[in-house]
Structures are given as structure tokens and as C-alpha cells.
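K.L.:
Structure provided below as C-alpha cells; questions to follow.
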Amino acid sequence: MSEEQIKNLEEQFEARIARDEKIEPKDWMPEKYRKTHIRQMSQHAHSEIIGMLPEGNWITRAPSLRRKVALLAKVQDEAGHGLYLYSATETLGISRDEMYEQLHSGKAKYSSIFNYPTITWADMGAIGWLVDGAAIINQVPLCNTSYGPYARAMIRVCKEESFHQRQGYEIMIKLANGTPEQKEMAQDALNRWWWPSLMMLGPTDDVSVHTAQSMKWKLKRKSNDDLRQQFIDQTVPQAELIGLTIPDPDLKWNEEKGCYDFGEINWDEFWQVVKGHGPMNKERMKARVGAWERGEWVRDAAMVHAEKKQERKQKQAV
Amino acid sequence: MATKNWPLWEIFVRSKNGLEHRHCGSLHASDAEMALENARDVYTRRNEGVSIWVVESKHITASNPENNGELFEPAQDKVYRHPTFYDLPDEVKHM
Amino acid sequence: MKNKNLYNYILGIADNSLILGQRMGELCGHGPSLETDIACTNISLDLFGQVRSYFQYAAKIAGDGRTEDDIAMLRKEREYKNVLLVEQPNTDFAFTLGRQFLFDVYHLAFLSELQKSSDLTLSAIANKCIKEVSYHERFSSDWVKRLGDGTEESKQKMQDAINSLWTYTDELFHQTEVDKAMVEEGIGVDVTQLKEEYYKKVSQLLEEATLDIPESKWFQKGGKEGIHTEHLGYLLSDLQYMQRTYPNMEW
């Protein structure tokens, strides 16, 4: 194809997206579109899978049977969501194994928030409430993204995730209304998860590299700063309602702007964690790689068994 | 020993009798039985189905979007296939 | 307590699901593939669902204000009545699925009899659980076949698991005094009657999986009387951690 032809195709392609048409797997697409989507979608899938670990850490210790089944179901959903997203990404011509390889070798990124430890039960509440809350804000607009398989996967994910945040907030309500010890546990968890949750919505707009292109392709509908503001504005009243204090002395309602002003985010910490220096980066990766390696003989056995069965069937047919 | 990876399967679920099976996603499994079991565990956790079909992805033949012009556009102007093409006086009932 | 035998009988049934559910729950996020991970969690969720039905009923029978969680999490090690089989650790995937399989075959036969119990609540619970457990049995049998008749390595691992776990199978058919009393009242299941069919079914499947049927006739028991292997204590310290550390609180 000549350069001019490609340019022509690209223009048509961008026009289709601008008209809100969906792009489907076999459609022509610019290489950059494919690559960007593989990167973002696999990163999203990895985040779901790594995200199972901090919460999985409390399954055996959940304080009641009701909490235990809810947590199990939630962590299981995350596995499901990772699976939907890996499947959607596979339509772009990359296998799940290749994506795992990128994750395990450290080449692929995932949401840094999962590199923080879950040290008390209240962290299950804080993660559901704040981390899932921030994730929903990020994800809902993706139900309308331009790539069909991604949009469909996200519709499924968002529908299923609607209980996740409620699950977390309910844990927090119980703790906040409980004994002083429980309330302290809840406040401590909020103190530790608040700032990482704000960071989760991505670097500030002035340093965010992909935003313009992503907006055009509807991989993003709002800027990171707008999303963060939305998250803060909706979360602060939720904290007040249960008598918890947001750990930000600069947090103040701005009557004029109609939203909250908030304090400086420690971006040094954010970049350190992204670079692999968070408290749990190594452990998370070790757990993932370990599970994958321990599972290899199992996966191989299933494949060999399937082939044997197939052979026997063919022999019988002869 | 690193053998082949589990192949990809497309999953179709009938949400209730009377409705058609609908494509709902894909997953990996070593054989058809496992694909069915996995589909049950992955795609019907919330009571979404009463019947499942699994098809190994490689067995699906898809039309090429590049041929969409010749495949689908010719049907666009065949308006006489639709009831609104025909002029009838308003007084006519039950038609 | 008026119905002490019935209460203890329910605990005997439910503790198996509780401890096995806890073991399966440990795997969540660490399975050999994403699909298998989700499937194992489903089994765990089914088992905990069963536990809740049983313990809610037991709490009602106790009638002294204790809750399902008190029963699940606030007993001492010697008061848990599960069989030794279900508390065995997730040594590897062959152990996990072998344990599941050896329990599922029993569990299915047991529930099928419990459906006939003269206690209507128990029979209703059994009626609901049996569908879940039929699926568990299908799932674990399929995996035993895959691993047994898979690669050399998987066959060896599956055989090792069956050989190690075999010693805990006979206890499933051991009757306690409570069991006997309940059978007499038409409430309980006579587990001794399930034994022959169990070994027949298990042996058939092991053969199909190209595995050897262990010859050992020496069996371990004690779980039903609260004499457990060393593994249970650690499992309980996780299970009970919150309730013990923060007593008398609501979660």
C-alpha cells in the first residue's frame, strides 16, 4: 500500500470513530491503534489479575461467613474480568500467553495501587470503597469506547462490578459504627488508601502522555484531573456520612468552583511505585509468576490428555 | 516440557428458553468438555444461562470486512422488501 | 440443649464443607490457569453456602443466641468434627483435586441419602446441595482423569496424591455415637452402607485415569472425634483470627 493510500484509510478510519461507529477485530486499523489498544487493554487485564492478590490475602481470615463469601465472589469476579479483557485483547492478534510473558518479565505495567499491602481487615473495606470507586470512574466511559470487543467486555465488567463498591463501603459502615477499635481500624485504612486512590486516576494532565490520542479513540472521555475531581467530589460526602475523616488538611469545599480543593499529591511516591519500588511489587510478581510456573505441568497434562482422547476417538472411527 | 497452549473457544449462551444463543466471549480450554465446564464457571456465574455452546475459535470462518461493499451494500436499496414501500390508503385495516 | 445429638450431627456434616471450602478458598488467585482458578473458587463458594445453611439451622436448634459465625469460628480445635481428608493441605494441584474427588464421591452419595432424612430442614438442604456437589464430582473426576492420563509427570503426581490421601478415605464410613443415634431416629445417614459403592466408583475412575488403586489397608481416623492432623490448627488460626483478636464485635 502506498503512503497516500494508508493516509486515506486512516482518515476514513478516524471519521468512522468520530461518527461513533465501532471498530471490530477484522476491520482495517492503523498499527498504532492496534498497539495502543493491546497496551491499554492488557494493562487493564493485568490490573484485574494482580488486583486479586491484595484482597485474596484476606479470604481465609474474613471475620464472618457472610463477608467471606462476598469477598470470595468479588475476587473471583476480578479473575473473570481479567479473563474477559484478555479475551478481548486476543482479538487484536496477541495471545494470552504472550501477554503473561510481558507481565511476568516486567515489561507490562499494571495499576500501581496493588503494590500496597493489605494489613488489616479494614483494607478490604477501603479497597472496595475507594479503589473500586476510582476504577468505576475510569471504566464506565470505556463502555462506549471505539473498539467493539473492549466496549463489550467493559459493559460486562461494569455490570458485574456494581456490587464491589457497595461491598467495600458496607464493610466501612460496619466498622465506622462499631467499637472504637473498629472505627480506628477504618480510619487507619482510609488514611493509607486515600492518596494511592487519587494517584490511581493517573498523572496530572500536564504530564500525561497519551491523553490527546486516547480521547480521539474514545479510550478516554475525560482527562485524569477531571476524573480525579469527580472522584473526590463524590467520595468526600460518603466519608462524612460515616464519620470518617479524609486525611487531607487542605481539603476544602470551593463554593465558587462548586467542587473540592485538595492538597498536593506526592507524585514522587507514585513514580517510585510505578518503577517497581512499592512495598509489594516484588511479592505480587512472585505470586503471579509462581502460580503460572506451578501450573505448567497441569496445563501440559490437560493438553496431552485432550490429544490422547482425540486419537482414541479417531482410531475408533476407523 | 512446554507443550501447546490451551486453544481458544468462543462461548454462546442461551439466557432462557425461547431466546437464541448469543456470543458472550471466549476462553481457553484443552478440550470441548473443559470448555463447557469453564464456560459454565466463567459466563453463567450470575444465572445468565440455560444452555451453552462452545466452538473452537479456529473453526469459525468470518466474512472479510473488505468485502462489505459487495456483500452487504446491495441489500441497502431493495426497499421493496420492506412493508413501508407499499402505498395503501389509510382506511385499510389489519394489513 | 434439647436436641444435642441433632446439633452435633449437623456440625459433623457442615464442618467437612467448612474446612474444604477454606482449603479451596486459599487457592483463589493462585490457580494453574485463570479458568481453573474461577472454577475452584466456585466450588469454595458452594461449600460455604452449604455451611451457612447448616450452621444457621444449628444456631436455631441451639437457641441460645449463638450465630453461624460463633459456630464456625469460635470452637476449639478438638471441637471440629470434619474428617481428616478435607483438612489436608494444597500440596499441589494433584493433591487439591485428588482430595476434592475423594470427598466428592462420598459427598454425593451422602447427600443423596440425606435427602430422605425425616428432618425436613436437613432434607431440604441436601436437596439443594446435591446439584452443586454433582457438578463438583464431575469437575474433580474430569481433572483426575486428565492428570492421571496426561503426561508422565502429571501421572506420577496424581498417583502420589491418591496414595497419600488414600489413608483418609476409610474414615468417611466410620460411625460415631451421634451418627448411630441419628440413624436410629431416621434423621441421619448410615454411612457404613455407602462404603462398598464408594470404593467401586472410585476404583473405576482411577482405572479410567490409568492410575493404580492403592493397596494399603491401614487407615487414619479421628477427625470425627476431634482428633485431627497437625494441619488443622494452622487452618483454624486463619479462620478464627478476626473473631479471636476482636471478640464480640460485628462485621
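K.L.:
Give the average, rounded to an integer, of partner chain Cβ atoms located within 10 angstrom of each Cβ in C:149-159.
P.N.:
Details: counts 5, 14, 10, 3, 7, 8, 2, 1, 3, 1, 0.
Average neighbour count from other chains, rounded to a whole number: 5.
K.L.:
Next question. Let me know the shape class of the range C:1-144, please: from the alpha-carbon gyration tensor, a ≥ b ≥ c as square roots of the eigenvalues, rounded when a/c is under 1.5, otherwise prolate if a/b is greater than b/c, or oblate. Present the calculation step by step, with values, prior to reporting the outcome.
P.N.:
Details: a/c = 2.14, a/b = 1.57, b/c = 1.36.
Judged from the Cα gyration tensor, the range C:1-144 comes out prolate (a/c at least 1.5, a/b above b/c).
K.L.:
Would you mind giving the mean number of other chain beta-carbons within 10 Å of the Cβ of each residue in A:81-87, as a whole number?
P.N.:
Details: counts 0, 3, 12, 6, 0, 4, 11.
For peptide A:81-87, the averaged partner shielding equals 5.
K.L.:
At most 10 other C-beta atoms within 10 Å and a DSSP loop state: those are the exposed trypsin sites (Lys or Arg not before Pro) I care about. Give me the longest piece of chain A that has none.
P.N.:
On the way: sites that count: A:R19, A:K107, A:K257.
Longest run free of exposed loop sites: A:108-256.
K.L.:
Further question: Treating cross-link reach as a plain straight distance, find the aspartates and glutamates whose alpha-carbon is under 15 Å from the alpha-carbon of C:K116, omitting any fewer than eight places away in the same chain.
P.N.:
C:E184, C:E185, C:D190
K.L.:
For peptide C:40-46, how many partner chain Cβ atoms fall within 10 Å of a residue's Cβ, on average?
P.N.:
Details: counts 2, 12, 7, 1, 6, 7, 1.
Mean number of neighbouring Cβ atoms from other chains: 5.
K.L.:
Give me Rg/Rg_expected for chain B, where Rg uses Cα atoms only and Rg_expected = 2.2 N^0.38 Å with N residues. Show your work: numbers first, answer last.
P.N.:
On the way: Rg = 21.4 Å, N = 95, 2.2 N^0.38 = 12.4 Å.
For chain B, the normalised Cα radius of gyration is 1.72.
K.L.:
Sticking with this structure for a sec: Net charge within 13 Å of C:A109 by Cβ-Cβ distance, Lys/Arg positive one each and Asp/Glu negative one each, not counting C:A109 itself?
P.N.:
Values: positive: C:K116, C:K195, C:K200, C:K201; negative: C:D104, C:E113, C:E137, C:D190, C:E196, C:E197.
Here the count lands on -2.
K.L.:
Could you tell me which of the pairs C:K2/C:K221; A:K222/B:K4; C:K2/C:K224; A:K107/C:K155; A:K109/C:K157; A:K107/A:K308 are separated by over 31 angstrom between their Cα atoms in the structure shown?
P.N.:
Beyond 31 Å: A:K222/B:K4; A:K107/C:K155; A:K109/C:K157; A:K107/A:K308.
K.L.:
Where in the range A:1-48 are there chymotrypsin sites (Phe, Trp or Tyr not before Pro) that are in a DSSP coil and have at most 14 other Cβ atoms within 10 angstrom of their Cβ? Intermediate results must be reported in sequence, preceding the final value.
P.N.:
On the way: sites: A:F13, A:W28, A:Y33; in loops: A:W28.
Listed in order of number, the matching sites are A:W28.
K.L.:
Can you compute the helix-only [θ] at 222 nm over chain B? Use -39500 (n - 2.57) per DSSP H run of at least 4 residues, normalise by all residues, nearest 500 deg cm²/dmol.
P.N.:
Numbers: 2 runs with 17 residues, N = 95.
Helix contribution divided over all residues of chain B: -5000 deg cm²/dmol.
K.L.:
Taking all pairs of distinct Cα atoms, average 1/r, flip it, and tell me the Kirkwood hydrodynamic radius of the protein assembly as shown in Å to one decimal place.
P.N.:
Numbers: mean 1/r = 0.0362 Å⁻¹.
Every distinct Cα pair counted, the radius reaches 27.6 Å.
K.L.:
If the cut-off is 12 Å between C-alpha atoms, which aspartates and glutamates fall inside it for B:K58, apart from same-chain ones fewer than 8 positions away?
P.N.:
B:E10
K.L.:
Using a cut-off of 20 Å between alpha-carbon atoms, which lysines can reach A:K218, once sequence neighbours fewer than 8 places away in the same chain are excluded?
P.N.:
A:K22, A:K26, A:K32, A:K35, A:K159
K.L.:
Order by neighbour count: A:M99, C:M24, fewest other Cβ atoms within 10 Å first, most last.
P.N.:
Values: A:M99 22, C:M24 25.
Lowest count first: A:M99, C:M24.
K.L.:
For a distance above 24 Å, tell me the whole-number percent of Cα pairs in chain C that qualify. Present the calculation step by step, with values, prior to reporting the outcome.
P.N.:
On the way: 14139 of 31375 pairs.
Within chain C, distances greater than 24 Å cover 45 percent of Cα pairs.
K.L.:
Also, I was wondering about something else. With a cut-off of at most 15 other beta carbons within 10 Å, and DSSP calling the residue loop, which chymotrypsin sites (Phe, Trp or Tyr not before Pro) in the range B:6-95 qualify? Please list them.
P.N.:
Working: sites: B:W9, B:F12, B:Y43, B:W53, B:F72, B:Y80, B:F85, B:Y86; in loops: B:Y86.
Listed in order of number, the matching sites are B:Y86.
K.L.:
Take the alpha carbon gyration tensor of the range A:145-269, find the square roots of its eigenvalues, order them as a ≥ b ≥ c, and report rounded if a/c is under 1.5; if not, report prolate when a/b exceeds b/c, else oblate. Walk me through the intermediate numbers first.
P.N.:
Working: a/c = 2.28, a/b = 1.41, b/c = 1.62.
Taking the square roots of the gyration eigenvalues as a ≥ b ≥ c, the range A:145-269 is oblate.
K.L.:
Among C:S17, C:S154, rank each residue by its count of other Cβ atoms within 10 Å, from fewest to most, as a rough exposure measure.
P.N.:
On the way: C:S17 26, C:S154 23.
Neighbour counts put them in this order, fewest first: C:S154, C:S17.
K.L.:
What is the order of A:H277, C:H30, B:H94, A:H104, fewest Cβ neighbours within 10 Å to most?
P.N.:
Lowest to highest Cβ neighbour count: B:H94, A:H277, A:H104, C:H30.
K.L.:
When the scattering of chain A is computed by the Debye formula from its Cα atoms alone, each counted once and equally, what is log10 I(q)/I(0) at q = 0.08, 0.09, 0.10, 0.12 Å⁻¹?
P.N.:
Values returned for q = 0.08, 0.09, 0.10, 0.12 Å⁻¹ are -0.43, -0.53, -0.65, -0.90.
K.L.:
Using θ = phi - 60° and the Karplus curve 6.51 cos²θ - 1.76 cosθ + 1.60, what whole-Hz ³J(HN,Hα) does each residue of the range A:27-34 get, with Gly and Pro shown as x?
P.N.:
5, 5, 8, x, 4, 5, 4, 4
Throughout, read-outs are computed from the coordinates displayed, never taken from laboratory work. Source: prediction; values computed, not measured. Glycine gets a Cβ as well: all are built from the backbone with ideal geometry, and neighbour counts include every protein chain shown.
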